[in-house]
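The values are calculated or read from the model by the stated rules, or taken from the named source; none is laboratory data. Please read these numbers as outputs of a predicted model, since none were measured by experiment. All Cβ positions, even for glycine, are placed from backbone atoms using ideal geometry, and neighbour counts span all protein chains on display.
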């Protein structure tokens with residue numbers, strides 16, 4: 001139960017999704033897995049690939065692989081064990097799904113962007129993702145913007161340098177990195 005709980009906190013998987021991934025669906029090189037029958041009101045047969053956090057991946061790797069699944073349990077078994085543990089600990093207001101909310105908030109606090117987080121959580125819209133984020137103002141880290149040189153050095157294929165005038169005569173200018181949005185751009 002301990003590994004399943006920590007896996008839920010570190011992967012943002014739903015209770016019904018935890019016993020779902022097959023060992024064969026995990027890719028060691030990319031640290032990705034597949035969730036089959038993902039909860040989606042529009043498509044009941046949906047499966048999607050997700051990225052695993054480092055901690056979630058460590059939990060997956062240390063499981064005994066006696067069967068074809070990482071966690072060979074029924075979702076109801078997991079839920080019942082969690083409910084028993086919750087009663088013993090007298091945390092009646094806590095539900096297994098709260099771990100998914102916690103996981104999403106932790107990803108934001110760790111600095112993942114709202115573009116990256118759905119690759120781990122499999123949320124399909126910002127509106128849905130927003131319901132799962134419970135950040136506190138003190139957890140927000142103020143970041144300095146990267147300068148043009150750092151952005152260009154980070155990925156010359158994604159960015160190119162553009163001179164932007166700071167004065168009407170063009171004497172003062174600054175070089176800014178601009179993301180390449182069109183294949184015809186140099």
Counted residues in the stretch 22-36 being closer than 11 Å to residue 60 by Cβ and in contact with a helix residue (DSSP H, G or I) (Cβ under 8 Å, 6 or more places away or on another chain) come to 3
Within the stretch 138-149, of all residues that are part of a helix (DSSP H, G or I) and modelled with pLDDT under 75, the one nearest to residue 51 (Cα to Cα) is 139
Those residues of the stretch 96-116 which are free of Cβ contacts under 8 Å to residues at least 24 places away in the same chain and within 16 Å of residue 7 (Cα to Cα) amount to 98
Scan the stretch 74-87 and give yes if some residue there is within 22 Å of the chain's Cα centre (by Cα), exposed (fewer than 14 other Cβ atoms within 10 Å of the Cβ) and either farther than 20 Å from residue 20 by Cα or touching a residue at least 12 places away in the same chain (Cβ under 8 Å) (or both), otherwise no.
no
Residue 129: passes all of (1) part of a helix (DSSP H, G or I); (2) at pLDDT 80 or above; (3) surrounded by 14 or more Cβ atoms within 10 Å (Cβ to Cβ) but (2)
